[in-house]
Amino acid sequence: MSQVYTDVVKNPNQYNGDVLAENNSTSGEKKLYIESYGCQMNFSDSEIVASILSDAGYATTQKIDEADLVLVNTCSIREKAEQTVRNRLEHFNGVKKANPNMKVGVLGCMAERLKSKFLEEEKIVDLVVGPDAYKDLPNLLKEVETGRDAVNVILSKEETYGDISPVRLQTNGVTAFVSITRGCDNMCTFCVVPFTRGRERSRDPKSILSEIDDLAKRGFKEVTLLGQNVDSYLWYGGGPKKEFIKASELQQKTAIHFHQLLDMVAVAQPKMRFRFSTSNPQDMTRDVLHTMAKHSNICNYIHLPVQSGSDNILKAMNRQHTRAEYKQLIDDIRRIVPDCGISQDMIAGFPGETEQDHQDTLSLMDYVKYDFGFMFMYSERPGTPAAKKLQDNVPEPIKKHRLQEIVALQQQHGLWRTRQFVGKTVEVLIEKVSKKSDVHWSGRNQQNTVVVFPKEHYQVGDFVEVLITDCTSATLIGKAVSS
Ligand code: SAH
Ligand code: F3S
């Protein structure tokens, strides 16, 4: 039996920890080494891949030198992400020279974007598999063993991997991610995801509930429901597809919308805490907010990317809401879910962005005062509507300068938010030992802010009431007050 290993490359949209209490293992004759990059969905997909390959006789290993198969689950969201993967592939090339029998496969968004070009461009790659084709991996590996290159990048309108029980790879044994939708139908003009992950589809609520039940039985305490756009989750009993069914018929067919799914999981597991990510302002309903307010085990936290505060840019990005509508949603969140943490994603330097557009972003940030955020310079992605129709015309130094201003303002707001917690008591789920001190625990409050406090007699997985006594712009420091 070998230990499972995936290299944690920290992506901002990823909230899991980096100190690992326990790793799972799978058994098998061959050895698989798997690395994941990018969003949390990729990390979850790697757990599905490990499960599929475990059935095909592969045990996971953390030692690349002993691997028969090296898989890298890739990200295309920005050019830099792709460059990182290319550098890794070069490294694998060196390893492969010492071990010529080792096979290398590329999974995920880069596989989907570059398809068989990968086999030509990157000579060391034997296998290219897109996000919807992982069940074909055992067959593809047989092809590879007979000396042929293998590619499957077919996108599916149905595949949700709902029937696969993921092998939990790097896990703290306390928090887990459960995917509820795959793909995205939104077509934001800058975004490569609709091209690499295909059409949006929702997973059967029964399989979601049973995966969560299994996690609860194994001692997990918090689940984050995962999707590119969780608010558009829609299950309609495996009947005709969403586009063929009228809204009125949908009602009668007892469709399950996202707020109903949230309600179901919160009721089914009252002792577990729930989060969800990512919310899209155009699809988030007030029903979701009321469901959050109704259940104390749904965390008061919403990741609500806006990308820009300017109506002109929102329109050019094909975001289906205005600045005023977004502000209204923020007002409603504050009213219906008091004390709700809110975080953002922002893009600086989208094509055509003027100084005034940028100022609109800063003033929207002032309005919301986000708890934290993930901020990026625009990176043109080949094949996206923005790349086809718009010129990437904001000069790099200006993009950089605007990004710095956004980041600096976010830091001020972060500090303003964390200071509001000083003197208050918050509920913390202990996840791991603090990075900076081995006599402190680290966990998060409901609002998803990291809290550190002295260990005393508490254990990983405990819910603890912590009195906050101090803070930085991103961390709360306190002392446990519950028994
Ligand atoms: N709905 C998704 C969004 C995925 S991409 C989710 O679940 O988070 C994550 C973030 O990357 C986006 O919100 C956006 O801020 C950023 N991003 C996407 N494409 C980008 C691009 N071409 N250039 C810069 N940032 C980008
Ligand atoms: Fe991308 Fe927009 Fe979907 S950012 S993942 S197209 S909601």
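The values are calculated or read from the model by the stated rules, or taken from the named source; none is laboratory data. What you see is a predicted model, and the numbers here were worked out from it, not measured in a lab. Counting neighbours? That spans all protein chains shown, and the Cβs are built from the backbone with ideal geometry, glycine included. When the accessible area is computed, the model is the full protein with side chains, heavy atoms only, and any ligands, DNA or RNA have been set aside. Shrake-Rupley method; radii C 1.70, N 1.55, O 1.52, S 1.80 Å.
Structure notes:
- Phi-based couplings in Hz for segment 441-456 (Karplus 6.51, -1.76, 1.60; Gly and Pro marked x): 8, 10, x, 10, 7, 4, 6, 6, 8, 5, 10, 10, 7, x, 5, 6
- The chain: antiparallel DSSP beta bridges as a percent of all, rounded to 5: 35
- In a DSSP loop and with at most 12 other Cβ atoms within 10 Å, the GluC sites (Glu not before Pro) in segment 396-480 are GLU456.
- Long-range Cα-Cα pairs in segment 57-171 (distance over 17 Å), rounded percent: 57
- Its residue count N fixes a reference of 2.2 N^0.38 Å for segment 244-366, and the Cα radius of gyration divided by that reference is 1.22.
- Just so you know, the averaged projected area of the alpha carbon convex hull for the chain sits at 22.9 nm².
- Relative to the compact-globule estimate of 2.2 N^0.38 Å, the Cα radius of gyration of segment 425-482 comes out at 0.94.
- Surface listing: SER165, SER296, SER434 arranged by accessible area from highest to lowest gives SER296, SER165, SER434, probe 1.4 Å.
- Whole-Hz couplings from phi, Karplus 6.51/-1.76/1.60, listed for segment 212-218; x for Gly and Pro: 5, 4, 4, 4, 4, 5, 8
- With a cut-off of 10 Å between beta carbons, the residues surrounding LEU114 carry a summed charge of -2, where Lys and Arg count +1 and Asp and Glu -1.
- Near MET375, the amide H atoms lying under 5 Å from its own belong to MET346; only residues 5 or more places off or on other chains count, and H is placed 1.01 Å from N.
- Per-atom-type breakdown for segment 418-483 gives carbon and sulfur 53% of the accessible area (1.4 Å probe, protein chains only).
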